[in-house]
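Report on the structure given below.
The values are calculated or read from the model by the stated rules, or taken from the named source; none is laboratory data. Just so it is clear, the model here is predicted, and its values are computed rather than measured. All Cβ positions, even for glycine, are placed from backbone atoms using ideal geometry, and neighbour counts span all protein chains on display. Remember, those area values only see protein heavy atoms, side chains included, never the ligands or the DNA or RNA. Shrake-Rupley method; radii C 1.70, N 1.55, O 1.52, S 1.80 Å.
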Amino acid sequence: MEPLTPTKRLILIGTALILAIAATAGILSYRQLSQVPLGKMVRGGLPMLDLTVILRDRNNQNLDAHGTLLGSNEKPPVEVENPHCPTLIGGDSSSATVIGAWDKRPVDCPQQAFWYVKQHPIALTLYFHQGEAFLKWWDGQAQIKALRDSRFMQGLFFGLLKSLKIKAEELHLQGLQGEFLNQLLRDAIGANAELHYDMSHGERGWVLAYQRSDSAFAEQALPAMAGLLADNGYQLDNLPEPILAMRIGLQHFFLTEYERHIYLAQSLEALLNVLENKEAMEEYDDDVPLRLVLRTDAFVDHLPAVLTTSAKADIALAFTLQANTLGNLQLPAGPWQTPLHDKIFEGVLASIPHDVFAAVATSFRIPATLTSEDWQKLSSDGPPQSPPGPEPGGLALLWDFDKATPGGAIGIVIANPGEPQASPAYRQYLRNGELGEECAGGSVFLAASSQGLLNRMKEACAHQSLSPLDWQHGVEKPRYLSAQWVSFINPGTAMRELFLAGGAGDNTDESDLAPRWQQNYEQAKAAMRQDGEKLFRSLPIFSYAGRVANDNGVASLEGKAISQEAGQ
């Protein structure tokens with residue numbers, strides 16, 4: 001055989017690579033084309049409604065639908081024009097049609113409904129970038145298992161947990177076995193799912209999305225859900241596949257497919273709002289196993305634009321799934337970084353009670369001489385862009401829960417050691433001057449929306465109680481004092497207040513003369529309190545600290561898991 005020349009070898013290698021690439025692309029294309037569309041799986045005769053979606057803003061005013069994915073400018077007709085076929089209205093509307101009218105609607109009436117949906121930025125998204133790694137980590141965490149199996153969590157999420165345990169055999173899904181929803185959820189996470197939370201729709205605002213081609217269970221689960229479990233469906237002009245409604249156990253779910261992604265939601269309004277916001281949500285694709293993204297524009301209207309010169313300002317928290325390491329917290333760059341001082345004044349951190357729910361402390365200094373015009377300029381133009389002076393300072397915002405304020409209390413710490421007698425100037429900004437105090441010789445001013453939180457802040461500032469500087473026997477203190485930004489969140493505090501909100505924390509004097517049922521009741525409450533306290537104190541504090549005025553403009557803070565037990 002004639003030996004191959006170098007040129008022929010290169011030609012053969014190139015040809016082999018081209019064939020391999022073409023074969024791979026062909027296999028992927030065939031797999032996608034061979035997937036049966038969701039609409040083809042729907043059983044015949046399934047009740048379907050044609051939906052006209054009317055988008056509304058936060059003030060329940062109708063929005064112009066031009067340029068939107070799902071919205072329409074069509075208005076519902078006046079009912080008196082057709083009393084035989086009354087207009088069906090649903091969604092985020094006080095004039096929604098009562099359920100009975102849907103059932104009694106004549107069969108010859110048009111199967112059409114008008115659905116109002118409040119368009120609101122998606123508050124947060126949990127990205128599973130390495131779903132299989134997350135599931136392996138999840139299954140190996142004894143603490144998570146104890147939390148999941150606790151009576152508190154079992155009671156709080158009773159409906160969902162009960163639905164997750166329903167087996168496919170109970171749903172009469174032939175060919176499937178085991179806990180159906182649990183398999184579906186784990187499969188979605190393994191397919192690098194995204195879990196969205198739409199805060200405008202409350203507890204029913206959760207929406208799970210994952211790519212169908214990455215799912216190993218989808219081709220078995222979808223026919224069962226569309227052909228057997230679906231009770232009714234909805235069709236929209238701009239959605240190629242229907243939205244199917246079903247009930248599994250105690251939970252209602254809404255299922256659809258859009259751009260090769262499966263969406264599973266707890267409410268139709270949340271599902272439509274997530275689809276409407278899909279293009280506005282920045283996608284994160286990196287090597288971090290788990291990333292939580294909070295969108296500040298979902299909580300406040302104008303603050304992101306003032307601080308970052310952008311209407312959107314995402315805060316991204318990375319989780320490495322390693323012991324005591326959380327990954328970094330990324331903050332949006334902007335003009336808020338320029339006026340930060342080199343360090344946070346120690347009195348600011350010392351005035352934060354160690355057990356508040358959440359806090360943010362920065363080295364930003366607020367002068368005591370700001371006029372009303374200065375405040376207006378600050379709110380419209382943002383922080384001054386001149387470098388900070390030599391005077392130290394600091395500002396902290398606290399969020400806490402207590403029995404007197406179940407909705408939460410807000411605290412503010414302002415440090416101005418260069419002007420120790422500036423408290424009266426800060427006090428004038430308060431509506432209730434009695435909720436303001438000074439400490440540390442007047443160099444720190446404290447204010448709160450509740451007297452209870454203000455008292456705790458005063459005690460921390462006077463070193464009569466602990467602060468974050470005392471966590472873990474003060475090991476983290478040097479890191480906090482060298483930072484320009486410190487923030488933390490204590491999930492155990494919030495869960496404890498949620499647990500006690502139903503009266504579990506109320507103590508009633510036990511007496512041998514009390515009825516037996518009352519004695520048993522009080523003993524059960526005491527046992528629940530003891531289990532709850534042990535559970536909540538075992539949860540770590542998520543703490544982030546670092547310097548944000550970096551040369552490249554990126555604000556990235558190191559995260560650590562702080563034990564509540566150590567040093568307290």
At Asp149 and Cys109, where each label point lies 7 Å from the Cα along Cα→Cβ, what is the point-to-point distance in nanometres? 5.2 nm
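Here are some pairs, Lys458/Lys534; Lys40/Lys165; Lys145/Lys534; Lys118/Lys162; Lys75/Lys118; which of them have Cα atoms lying more than 19 Å apart in this structure?
Over 19 Å apart, Cα to Cα: Lys458/Lys534; Lys40/Lys165; Lys118/Lys162.
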Sort 525-537, 357-369 by the packing proxy (mean of other Cβ within 10 Å over each peptide's residues), most packed first. 357-369, 525-537
Report in % the part of the accessible area of the range 194-243 that belongs to carbon and sulfur, leaving out ligands and nucleic acids; probe 1.4 Å. 45 percent
Net charge near Ser215, counting Lys/Arg +1 and Asp/Glu -1 over other residues with Cβ under 11 Å of its Cβ? 0
Below 15 angstrom from the Cβ of Glu434, what's the summed charge of the other residues (Lys, Arg +1; Asp, Glu -1)? +1
List the aspartates and glutamates whose Cα sits under 13 Å from the Cα of Lys104, skipping any in the same chain fewer than 8 residues away. none
Which trypsin sites (Lys or Arg not before Pro) in the range 234-302 pass both tests, a DSSP loop state and at most 13 other beta-carbon atoms within 10 Å? Arg260
Under a 1.4 Å probe, what is the accessible area of the range 116-260 per residue, stated in Å²? 47 Å²
Measuring with a 1.4 Å probe in the full set of protein chains, what accessible area per residue, in whole Å², belongs to the range 274-389? 48 Å²
Count neighbours as other Cβ atoms within 10 Å of each site's Cβ, and list the chymotrypsin sites (Phe, Trp or Tyr not before Pro) in the range 103-192 that are DSSP loop with at most 14 such neighbours. Phe157
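Where does each of 67-74, 412-419 land if you order them by average Cβ count within 10 Å, highest first?
The peptides rank, most packed first, as 412-419, 67-74.
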What number comes out for the charge environment of Tyr197, summing +1 per Lys or Arg and -1 per Asp or Glu over other residues with Cβ under 13 Å away? -1
